[in-house]
1. Criterion first (in contact (Cβ under 8 Å) with a residue 12 or more places away in the chain, surrounded by 12 or more Cβ atoms within 10 Å (Cβ to Cβ), under 38 Å from the mean Cα position of the chain (by Cα) and not assigned by TED's automatic domain parsing to the domain that holds GLY8) does LEU94 satisfy it?
2. For the range 17-41, enumerate the residues that are of a type outside the set (A, V, I, L, M), in contact (Cβ under 8 Å) with a residue 12 or more places away in the chain and more than 14 Å from LEU4 (Cβ to Cβ).
3. Of the residues in the range 42-80, how many are closer than 28 Å to GLY8 by Cβ and either in contact (Cβ under 8 Å) with a residue 40 or more places away in the chain or exposed (fewer than 11 other Cβ atoms within 10 Å of the Cβ) (or both)?
4. State which residue is surrounded by the fewest Cβ atoms within 10 Å (Cβ to Cβ) when the search covers only the range 1-41 and only residues that are touching a helix residue (DSSP H, G or I) at 6+ places or on another chain (Cβ under 8 Å) and closer than 24 Å to ILE51 by Cα.
5. Has the range 97-112 got at least one residue that is out of contact with any Phe, Trp or Tyr (no Cβ under 6 Å at 6 or more places or on another chain), exposed (fewer than 12 other Cβ atoms within 10 Å of the Cβ) and β-branched (Val, Ile, Thr)?
6. Filter the range 87-115 for residues that are among the aliphatic types (A, V, I, L, M) and in contact with a helix residue (DSSP H, G or I) (Cβ under 6 Å, 6 or more places away or on another chain); which is nearest to GLN72 (Cα to Cα)?
7. Scan the range 96-108 and give yes if some residue there is polar (S, T, N, Q) and at pLDDT below 90, otherwise no.
Amino acid sequence: MADLLRSGNTMLNMACPVCNNPLFRNNEGVTFCPTCNREVLVINNKTNQEISTMKNKIQNNKQQKEFHQDRQNELVNLLEDVLFEKIEMITHKLRNESHLQLIENYTKILINCLDLLNKIPERK
């Protein structure tokens, strides 16, 4: 192995699939096993660190999506609560109102609030 390194070959952090000894890459970029005296075709030359980095990115994206979904659910719940409170408040005002213009305004507001509630998608 020392002779291979002295002659400019690079020892890789991969093992031969046949004999499990370290693989080398020569100056032409050919990967080979000096023990089996065979060329080895490397299908995926990603290092463990690159694979780990990719897994971390996927995990972070998943966590971000979950966070955004949770935050969206919180906001939708808050919106529903506020709309129900406003509907209740306006309904109480409407009950005792005799002025036609105010009755019309309250009714329009109630219709808008109910429309908004109906547009909120069902959540799982």
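The values are calculated or read from the model by the stated rules, or taken from the named source; none is laboratory data. Not measured: the values here are computed from a predicted model. Please note: Cβ atoms are built from the backbone with ideal geometry, for glycine as well, and neighbour counts cover all protein chains shown.
1. On the way: in contact (Cβ under 8 Å) with a residue 12 or more places away in the chain: yes; surrounded by 12 or more Cβ atoms within 10 Å (Cβ to Cβ): yes; under 38 Å from the mean Cα position of the chain (by Cα): no; not assigned by TED's automatic domain parsing to the domain that holds GLY8: yes.
Here the answer is no, as LEU94 does not meet what is asked.
2. Here is the first cut: in the range 17-41, the residues of a type outside the set (A, V, I, L, M) are 17, 19-22, 24-29, 31-39.
Now drop any that are not in contact (Cβ under 8 Å) with a residue 12 or more places away in the chain, which leaves 17, 19, 21-22, 24-27, 31, 33-36, 38.
PRO17, CYS19, ARG38 - these are the residues of the range 17-41 that are of a type outside the set (A, V, I, L, M), in contact (Cβ under 8 Å) with a residue 12 or more places away in the chain and more than 14 Å from LEU4 (Cβ to Cβ).
3. 5
4. ASN13
5. There is at least one residue in the range 97-112 that is out of contact with any Phe, Trp or Tyr (no Cβ under 6 Å at 6 or more places or on another chain), exposed (fewer than 12 other Cβ atoms within 10 Å of the Cβ) and β-branched (Val, Ile, Thr).
6. First, pick out the residues of the range 87-115 that are among the aliphatic types (A, V, I, L, M): 87, 89-90, 94, 100, 102-103, 109-111, 114.
Right, trim to in contact with a helix residue (DSSP H, G or I) (Cβ under 6 Å, 6 or more places away or on another chain) and you get 87, 90, 94, 109-110.
Values: ILE87: 22, ILE90: 27, LEU94: 32, ILE109: 25, LEU110: 24 Å.
Step by step, filter the range 87-115, then rank; the result is ILE87.
7. So the first thing to find is which residues in the range 96-108 are polar (S, T, N, Q), and the list is 96, 98, 101, 105, 107.
If we keep only those that are at pLDDT below 90 too, we end up with 96.
Within the range 96-108, one or more residues are polar (S, T, N, Q) and at pLDDT below 90.
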